[in-house]
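The values are calculated or read from the model by the stated rules, or taken from the named source; none is laboratory data. Keep in mind the model is a prediction, meaning the values are calculated, not measured. Here the Cβ positions follow ideal geometry from the backbone for every residue, glycine too, while neighbour counts run over all protein chains shown.
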Amino acid sequence: MQHVANGNERAFQIIYQRYNKKMLRFFLRMLNNEEELAQDFLQDLFMKVIDKAHSFDTNRKFSTWLYTIAANMCKNEYRRREKTRQLFRPLEDMTQLSAPLTNFSHKEDNQYFLSCLENAIQELSPTHRQVFILRYQEDLSVKKVSEIMGCSEGTVKSRSFHALRKLAQKLKLFNPKLQ
């Protein structure tokens with residue numbers, strides 16, 4: 001990052017090559033798979049890396065710093081969407097996860113489950129969604145998630161527990177024991 005701060009383009013290219021796919025995947029998950037928006041966020045993120053290169057604390061891990069910036073960008077987007085939602089009060093969401101299971105093939109079952117899981121993840125609160133994605137889809141440690149989110153490890157564990165519980169409730173039709 002010191003090289004990036006000094007204008008070294010090669011150093012920036014190395015960082016971009018190392019992190020662009022991970023961060024795009026993160027944005028896609030956090031932004032409801034909106035490809036164009038995720039691409040825009042990715043570009044904005046790396047512009048922020050260039051603009052804020054001097055503010056990088058070399059005592060921290062770069063990946064933690066990068067995820068923190070990305071997570072804050074998503075939080076701001078959630079706030080913007082919430083303000084818009086309050087202005088327009090959309091009709092009740094018709095995408096309920098209570099559709100009965102029919103006789104699907106194994107591949108169709110998996111696709112249906114993944115689609116329902118993605119919908120359920122998007123219905124989580126922003127903090128629960130962020131914890132779930134960072135912890136279980138990005139496979140980051142509790143400690144790293146706590147650093148990214150700026151909260152204690154206990155808070156991450158609690159939010160993770162509640163996110164999993166909410167997802168289990170929304171996806172209970174896939175577990176015959178819960179029906």
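The residues listed here are T95, T64; of these, the one that is among the polar types (S, T, N, Q), modelled with pLDDT under 85 and either closer than 16 Å to K170 by Cβ or outside any loop (DSSP other than H, G, I, E, B) (or both) is T95.
The rows are residues; the columns are (1) free of Cβ contacts under 8 Å to residues at least 60 places away in the same chain; (2) farther than 26 Å from Y136 by Cβ; (3) assigned by TED's automatic domain parsing to the domain that holds V131.
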site	(1), (2), (3)
I14	yes, yes, no
K21	yes, no, no
R29	no, no, no
D44	yes, no, no
K52	yes, yes, no
F62	no, no, no
K83	yes, yes, no
